[in-house]
Amino acid sequence: MRRSIALKALDERDTVDAGERLGTVLVKGDTVCLHGDLGAGKTTFVKGIARGLGIDEREITSASFVIVAEHYGRMPLYHIDLYRVVDDADLAGLGLEEYLDGDGVAVVEWAERLGGWDCTFRVRIRFMDDAGREILIDGDAERIGRLEER
């Protein structure tokens, strides 16, 4: 059963904190699909996920040029950024399956370019106004409940 939660982020720190909350409930094999406009805060959210996995958030930068960046904490974090992927032909040969079905957590920015992959959590970050964001997280009902408790 799936469920959603909406979080408000008034600044960058709130966005990192929201990501950290999600990071604390992630388990091996999870795929987190991130959606949002350019500059919405997807990479900032990944910094929080990293912190929740015991990884120094300063390690997280945009993975746009390398496609996949690997980081190690209580379990591996595979930060996948598909910004430069245009179509299915670009995806072919990237070997993303080993990360998406891997031994850690895969977090995919620009996940709409991933196609029909099954995401454990879907996160949509939207601009509320000049200063704030709304972060909608959809996923497993039990773990969304744990997010609400934090």
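Between the C-alpha center of region 4-75 and that of region 109-150 there is a gap of 11 Å. The three principal axes of the Cα atoms in the chain give end-to-end lengths of 40, 32, 32 Å, sorted in falling order. For the chain, modelled as a GNM whose springs connect Cα atoms under 10 angstrom apart, the maximal fluctuation among VAL123, VAL86, VAL105 occurs at VAL86. Picking from ARG13, ARG51, ARG126, which is most flexible by a Gaussian network model of the chain using Cα springs under 10 Å? Between ARG13, ARG51, ARG126, it is ARG13 that shows the largest mean-square fluctuation. Measuring nothing but how far apart in sequence close Cα pairs (under 8 Å, 6+ apart) lie, relative to its length, region 1-148 scores a relative contact order of 36 percent. Excluding same-chain neighbours fewer than eight residues apart, the aspartates and glutamates reachable from LYS42 by a Cα-Cα span under 16 Å are ASP11, GLU12, ASP14, ASP17, GLU20, GLU57, GLU59, ASP81, GLU109, GLU112, GLU134, ASP138. Placing +1 on each Lys and Arg Cβ and -1 on each Asp and Glu Cβ, with no other charges, gives the chain a dipole about its Cα centre of roughly 420 debye. For ARG150 and ALA89, a Förster radius of 35 Å and the Cβ-Cβ distance give a FRET efficiency of 0.25, rounded to the nearest 0.05. With contributions of -39500 (n - 2.57) from each DSSP H run of at least four residues, the per-residue ellipticity at 222 nm computed over the chain stands at -7000 deg cm²/dmol. Within the chain, no helix built from a complete DSSP H run reaches 30 Å or longer along its own axis (Cα positions) while carrying a mean Kyte-Doolittle hydropathy of 0.5 or higher.
Net charge dipole, region 1-80: roughly 320 debye, given to the nearest 20, about the Cα centre with Cβ charges of +1 for Lys and Arg and -1 for Asp and Glu.
Each value in this text was obtained by applying a stated rule to the coordinates, not by laboratory testing. For clarity, every value in this text was computed on a predicted model and none was experimentally measured. Cβ sites come from the backbone with ideal geometry, for glycine too, and all protein chains shown count toward neighbours.
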